[in-house]
There are 2 protein chains.
Amino acid sequence: MTEIIPDASRRTRRDTVRRQGPQQIQQQKLVKSRRPFPPTRLISDDQVEAIHQASLKVLAEIGMDFMLPEARDILKKAGATIDGERVRFDPGMIEEAMAHAPETFTIHARNAARNMVIGGDNISFGTVGSPPNAHDLDGGRRTGNHADFTKFIKMAHHFNAIDFVSGYPVEPIDIHAGIRHLEVLREVAQLTDKPFIAYSLGVERIRDAIEIARLARGVSHEQFDREPTLTTIVNTNSPLKLDPNMLNGMMEMSRRNQVVCVTPFTLAGAMAPVTVAGALVEQNAEALAGLTFCQLVNPGAPVIYGGFTSNVDMKSGAPAFGTPEYMKSTIIGGQLARRYKVPFRTSNTNAANMMDAQAAYESVFSLWALTMGGGNFIMHGAGWLEGGLVASFEKFVLDCDLIQMVKEFLLPLEVNDDALGVEAIREVGPGGHFFGAQHTLARYSDAFYAPMVSDWRNNQQWDAAGRPDALKRANTLYKQALNEYQAPMFDPAAKDALDDFVNRRLREGGVSTDF
Amino acid sequence: MTEIIPDASRRTRRDTVRRQGPQQIQQQKLVKSRRPFPPTRLISDDQVEAIHQASLKVLAEIGMDFMLPEARDILKKAGATIDGERVRFDPGMIEEAMAHAPETFTIHARNAARNMVIGGDNISFGTVGSPPNAHDLDGGRRTGNHADFTKFIKMAHHFNAIDFVSGYPVEPIDIHAGIRHLEVLREVAQLTDKPFIAYSLGVERIRDAIEIARLARGVSHEQFDREPTLTTIVNTNSPLKLDPNMLNGMMEMSRRNQVVCVTPFTLAGAMAPVTVAGALVEQNAEALAGLTFCQLVNPGAPVIYGGFTSNVDMKSGAPAFGTPEYMKSTIIGGQLARRYKVPFRTSNTNAANMMDAQAAYESVFSLWALTMGGGNFIMHGAGWLEGGLVASFEKFVLDCDLIQMVKEFLLPLEVNDDALGVEAIREVGPGGHFFGAQHTLARYSDAFYAPMVSDWRNNQQWDAAGRPDALKRANTLYKQALNEYQAPMFDPAAKDALDDFVNRRLREGGVSTDF
């Protein structure tokens, strides 16, 4: 249960292959990834400063609506100017508050081997979160439901590529909204020992989620308040609004020293200016406002700067993802987050209607930007399709393969005398081949990354196998993963305490849903 | 004919949209791309030096076979140790020769607007080259032929994404090998005004190609010898051999100050050590030997350092492309080329059997590595499938879209007061939307990259349209491109001179093919 993963930064390819039976899906071993190079700087520091200054101007002159009196009281006390719901921020107040935010912190899982260091050069990948629909080749597109939800959680646990569960991989509409969070967060806490995320939908739900996260770990309130465990994502109501649900979630979570990720959803041309720079100004203003608020609630509470700036197709208004604009805004989002010395959240996105070439290229363009741009906390890492309207089982498996390839790419290269291979080259000599060389025989079994989805058979073999495309192969693999799934160990006392709490809350009727 | 493209480094998104009729494929305008950030350093300078030193050791102690007496004479005169065909290099001799190689140079096209600066932060994309088969959805997989060849050349001309023609996009097997180079290079010179590449297959062919390239431009021998125009790719016979065809090509081209790109084909585990570092040592040794040789033939002749290190699947021996290993070797290849201050050639590769998700993700992983790693001269940019065994019409279009997205990503972001959009945010205010904002109306028509292949319709619209995948859409687009193709202007005098030369050589019977 507590297999501790040593520091991945010292490890290379040869350490990461897990030996498995031939029937099982061959996965990369659990890797905690770190970027071995500095993140890309797409714009100059002066340009970053121009975006920063413009967003300070937005917050000072235009301001942002905080739709909760208690929140406005906190902001007023800290020196903000209040005008109805509108809050205007003094730049000095933002700077002072942001200075308290930690640059890195650890998110604790109930299995310490699944803890994640957030920030710096660390990068962690989560599942897709929140689509209202699920899809697979067999059943087609359908409304999100509990059965599909459960399958996604099992896959999230089974695939080593996945570091955490990003909310509900698909919305289980068939569970009543008043008790949904209780039922499914208990299930998540049982079916996987990886960290998970809760939604900020009012005070009661987030308090329930906090208690579930604490009980699953079996730790005291004091320990829990010292050790960030649960994360919530706050999407501002762009442009420039924060609603009571979000604000209550931020207050409850920050007070308990839990993680708040503030992510404006700033689609250039719709909820944000039609320029990438302008959309980033708005993103930055809203993120700064939210993060500042969390630091006012509890200075030093762990926060994450979220970037989700993309553009809409100006012909149709449809959101576009994995585009050149998305790449730019992602990389610059990282530059902004590092300016404030806080971790950066971004996403693996695409707008394809099926798992075709488009889904793959938009996803890898996203992975390119978030990896090179210094993303730390990657939402929607696996399974996102149709711009987030669908959680796809096949895409989930494909993305796990893509994430593994990114993790493999980030592993330090082995450069020593044996790896440099001069003696192997001498042994083989001009015109020879290396298949039988001693150097090859000693290393061939785990020399290279072994993909799950890629099909490298030659054309004749592939033709004879019925010409399966990547979608068909991923379909087979996801069902295999569900067959292979094994529930993680769960401390019986923790499980009982968790059940007691959830059952009591269910008996109480959960949360009223008259909102 | 001579629309001069201004320096792309000063231009941003808004300058690159070409207005076209609604029926035409909407392309990005011709962009000459430059990286606006330093290339990624995946390994330390010390590790680069370790690879460099190991490859010097290979060349000094093991040596390389140069299978042509004239080549060995040149090397002997420069101080190399000759033992039969084996040539051993003194490290000082390599260093001295490489110091003559230019860091950047211009490849001249018959239309000066198509000239390409090679090296530094410039990046140019070529077509696929050399597959023995062609494929499209309609006709399936077939042996390369003249009709398909011609279509690919027309597409190479039509798509602005393509900067140059990389040899024969598909091998036209139905033209006799003795006259093939004459027929098809004349055709290339007529159907496009972009630069092209010739194969080094003996003295006569490369001399014919040089004369065709000169006549197409209509320049004197003296001007031609001052202005690099033609490029040849030399694939060493890895490990550690160079055959007479390649060596003759290197000598003929370097003597005329034309471009030689030396690209070892070092698949780790087959023709090279099973480690990425070892394969790079072999790549580097072979590249250094070839480039040194060119500099001995003609100090200062333009050369390109070619990297093509990937791995084989150790279970099947099949070559793998677009893998994490390929990404690492590509980025480190760039680090090595920059150590020697020469331009870097690399490729857009994949090993998929069809244009599915795999083809897309392996390609974008390749583009990721070559873009961030400082690739200058990109072979196989569009159309490569099946590890190079197939030139795909649909993949060609997809790749043009992918290249355009890379070029768009590399365009500098507009960061000025208007782009920062504070006044637009003020106009819209909290809770509003930007669709009708003045800022949006002034910019919406060309605000964002408009992809050719991506389908962003919502699920209902896409369903009603028959659920086309990217492959189907690319199939439609390639045929549209062929319909839209227009031959470039060609100076009648140059055309006549070219025809006279080629017709004379055809009457002479071309090249004997008893090799």
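The values are calculated or read from the model by the stated rules, or taken from the named source; none is laboratory data. Treat the numbers as computed from the prediction; the structure is a model and nothing was measured. Quick reminder, even Gly has a Cβ in these numbers, built from the backbone with ideal geometry, and neighbours come from all protein chains shown. Side chains included, ligands, DNA and RNA excluded: accessible areas come from the protein's heavy atoms. Shrake-Rupley method; radii C 1.70, N 1.55, O 1.52, S 1.80 Å.
A few comments on the model shown:
- Of the solvent-accessible surface of the protein assembly as shown, computed with a 1.4 Å probe and all protein chains present, 49% belongs to carbon and sulfur.
- Positive-pole candidate from A:THR323, A:ALA285, A:ILE82, dipole of chain A, charges at beta carbon: A:THR323
- For A:ILE82, the point set 7 Å out from Cα toward Cβ sits 9.2 nm from its twins in the other copies, listed from shortest up.
- Here the extension length gained between A:ASP418 and A:ASP46 equals 129.4 nm, from 0.36 nm per residue of separation less the Cα-Cα distance.
- Heavy-atom surface of the stretch A:296-355, accessible at 1.4 Å and reported per residue (Å²): 19
- At least 40 Å² of accessible area lost relative to the chain alone, listed for the stretch B:375-407 with a 1.4 Å probe: B:MET405
- Here is how the number arises for chain B: DSSP H runs of 4 or more residues each give -39500 (n - 2.57), the sum is divided by the residue count, and the result at 222 nm is -12500 deg cm²/dmol.
- Its Cα centre serving as origin, the protein assembly as shown has a Cβ charge dipole (Lys and Arg +1, Asp and Glu -1) of approximately 60 debye.
- With Cα atoms, 0 to 90° folded angle of helix A:357-372 axis to chain A main axis: 70
- DSSP bridge orientation in the protein assembly as shown - percent antiparallel, rounded to nearest 5: 40
- Among residues other than B:THR371 with Cβ under 13 Å from its Cβ, the summed charge is +1 (Lys and Arg +1, Asp and Glu -1).
- According to the Kirkwood relation over distinct C-alpha pairs, the hydrodynamic radius of chain B is 23.8 Å.
- Cα principal axis extents for the stretch B:369-515, largest first, Å: 78, 40, 35
- The long axis of helix B:203-217 is offset from the longest Cα principal axis of chain B by roughly 40 degrees.
- Taking GluC sites (Glu not before Pro) across the stretch B:26-85, none is in a DSSP loop with at most 15 further Cβ atoms lying within 10 angstrom of its Cβ.
- Global form of the stretch B:132-255, assessed from the alpha-carbon gyration tensor, a/c cut-off 1.5: oblate
- Solvent-accessible surface of the stretch B:145-223, taken per residue with a 1.4 Å probe and all protein chains present: 27 Å².
- Shown for the stretch A:431-452: residues covered by the partner protein chains by 50 Å² or more of accessible area relative to the chain by itself (probe radius 1.4 Å), namely A:PHE434, A:PHE435, A:PHE448.
- Measuring heavy-atom accessible area with a 1.4 angstrom probe and counting protein chains only, the residues of the stretch A:279-315 that give up at least 40 Å² relative to the chain alone are A:MET314.
- For the stretch A:363-440, the relative contact order comes to 18 percent (Cα pairs under 8 Å, sequence separation of at least 6).
- Calculated SAXS-style log₁₀ I(q)/I(0) at q = 0.15, 0.17, 0.21, 0.25 Å⁻¹ - the stretch B:308-368, Debye, Cα scatterers: -0.47, -0.58, -0.80, -1.00
- Length-normalised contact order for the stretch B:160-297 - Cα pairs under 8 Å, 6+ apart - percent: 20
- Shown here for the stretch A:281-345: GluC sites (Glu not before Pro) in loop regions (DSSP other than H, G, I, E, B) with at most 12 other Cβ atoms within 10 Å, of which there are none.
- Antiparallel DSSP beta bridges within chain A, percent to nearest 5: 40
- Computed from backbone phi with θ = phi - 60° and the Karplus coefficients 6.51, -1.76 and 1.60, the 3J(HN,Hα) list for the stretch A:107-121 is 9, 8, 9, 5, 9, 4, 5, 9, 4, 10, 8, 10, x, x, 9 Hz; x is used for glycine and proline.
- Total formal charge among the other residues, if their Cβ is under 11 angstrom from that of A:MET314, Lys/Arg +1 and Asp/Glu -1: 0
- Which of B:HIS157, A:HIS433 is most accessible, then next, and so on - probe 1.4 Å: A:HIS433, B:HIS157
- Value of relative contact order over chain B, rounded to a whole percent, pairs C-alpha under 8 Å and six or more apart: 20
- Rounded, prolate or oblate (a/c below 1.5 giving rounded, otherwise prolate when a/b exceeds b/c) for the stretch B:351-391 by Cα gyration tensor: oblate
- Prolate/oblate/rounded call for the protein assembly as shown, Cα gyration tensor, a/c under 1.5 rounded: prolate
- Out-of-range pairs (alpha-carbon distance over 23 Å; input A:LYS32/A:LYS495; A:LYS315/B:LYS194; A:LYS76/A:LYS241; A:LYS151/B:LYS315; A:LYS29/A:LYS194; A:LYS32/A:LYS479): A:LYS32/A:LYS495; A:LYS315/B:LYS194; A:LYS151/B:LYS315; A:LYS32/A:LYS479
- Phi angles across the stretch A:400-414 convert, under the Karplus curve 6.51 cos²θ - 1.76 cosθ + 1.60 with θ = phi - 60°, into 3J(HN,Hα) values of 4, 5, 4, 4, 4, 5, 4, 4, 5, 4, 7, 5, x, 6, 6 Hz, Gly and Pro given as x.
- Chain A and chain B together bury an accessible surface of about 9300 square angstrom, both sides counted, with a 1.4 Å probe and no ligands or nucleic acids included.
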